[in-house]
Every structure is written in C-alpha cells, then in structure tokens.
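Chemist: The structure that follows is given in the form of structure tokens.
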C-alpha cells in the first residue's frame, strides 16, 4: 500500500463546543496524547509539512479539536493534550467533556492514534482512556513517540513494561509502533495502518 502524496492539507475548523463539529461525512482519524508528547510534530511529519500544525514546548498549546482536511478525502483531528497543561480546572473539565463526547459518539471516526512517550509508564489517565476505548469498541493505533530518544537496546524492555501495564485491555507489544518526528522512523508504517482504517 503506497503512502499517499499529500496535495492539500488545511485547517478547516477549530471546535470548542460540540455544536461546532463539522458534518460527519468524511472518514476521520483522531490524534490523542499527553501534553507535549509530540502530537503536532507527528502530524506534521505524516503530512510532510513543517508548520501545518503549530508546535510548542509549552504544554497545552492545542486547546480545541482542530480539523485538518487532507487531500479533500479525510480529516485528521488534533485533540487537546491532557495531563500537566497549565490551564484552569474549568478549562480541563470542558476539554474532557468535549473530547470524550467526540471519541465516544462521532460516527465517522475510523481510528484513534494514541500517543505515548516510551520513557514513562502509562499512568491513571492512560488507563482510564484505554478502558473507555475498549468499552466504545474504538480502533486504536498505539504509537510510541520520540523514538530517537530511546536507545535501540532499551526498546524491548520499555515496550514490555508498557504492554504489561496495559495487559488488562488486551494491548500486546506487537500493536505498538515506534515513531520519531526527528528521523521519520515509523512514518510509512503509520500511514499503512491509517490507510487500512480510512479505506
């Protein structure tokens, strides 16, 4: 399966409330992860764009559901990061309600790319989200970002520990994909998995 040539990629809408969601007509893939996990960099790398999605070293940069129309065929949806972003409790609660509602009920959401930094184990938030994904029957592509920061010899150990933490959700080591925005590692494999979902 060939990686598509990206002829167009544009931000079409930033959603802050459920009523702002675009019509559910095209296949969508959502990207979710802890704040500063490298989500925006991953999307930019996938699309071979340098600055389509704004990146920041400051956690909490993405504060809306950002819909990017790709080749006029699909949407990539960049979701707000969770975790240690310096935002108010009210804002976090609003984000959570919007994100969880979208992930549970969006009929044309074909897959969820769930990003994790391999240098830390899944915490309470990751376990909570995996439980939700399973209960909703969502297709999840688990991605370990910043692969260039983990030595090749350490990857097997890290992968085994992360998979063990997620074992209650039937997540196995072979499901994970290593990705590096710095080197491009994992780009082709992630595209292959995405195209299986996008049809």
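Chemist: For the stretch 112-121, give me each residue that is surrounded by fewer than 19 Cβ atoms within 10 Å (Cβ to Cβ) and in contact (Cβ under 8 Å) with a residue 12 or more places away in the chain. Write out each step before concluding.
Modeler: Step one: of the stretch 112-121, the residues surrounded by fewer than 19 Cβ atoms within 10 Å (Cβ to Cβ) are 117, 119-121.
Passing the criteria: 117, 119, 121.
Chemist: Name the pairs: first residue in the stretch 128-151 and on the phi < 0 side of the Ramachandran plot and touching a residue at least 60 places away in the same chain (Cβ under 8 Å), second residue assigned to a helix (DSSP H, G or I) and surrounded by 13 or more Cβ atoms within 10 Å (Cβ to Cβ), Cβ to Cβ under 7 Å, at least 6 apart or on different chains?
Modeler: Short answer, once both residue conditions are applied: 143/190; 145/42.
Chemist: What number goes with the only condition from (1) modelled with pLDDT of 90 or more; (2) crowded, with 19+ Cβ neighbours inside 10 Å; (3) part of a loop (DSSP other than H, G, I, E, B) that residue 25 does not pass?
Modeler: Just one mismatch for residue 25, condition (2).
Chemist: Select from the stretch 35-51 the residues that are touching a residue at least 60 places away in the same chain (Cβ under 8 Å) and touching a strand residue (DSSP E or B) at 6+ places or on another chain (Cβ under 6 Å) and write down the one among them that is farthest from residue 65 (Cα to Cα). Please lay out each step first, then the result.
Modeler: Residues of the stretch 35-51 that are touching a residue at least 60 places away in the same chain (Cβ under 8 Å), as a first pass: 37-39, 41-42, 44-46.
If we keep only those that are touching a strand residue (DSSP E or B) at 6+ places or on another chain (Cβ under 6 Å) as well, we get 37, 39.
Working: 37: 17, 39: 13 Å.
Applying the filter and picking the extreme gives 37.
The values are calculated or read from the model by the stated rules, or taken from the named source; none is laboratory data. Since the model is a prediction, treat every value here as computed from it, not as a measurement. Reconstructed Cβ throughout: ideal geometry from the backbone, glycine too, with neighbour counts over all protein chains shown.
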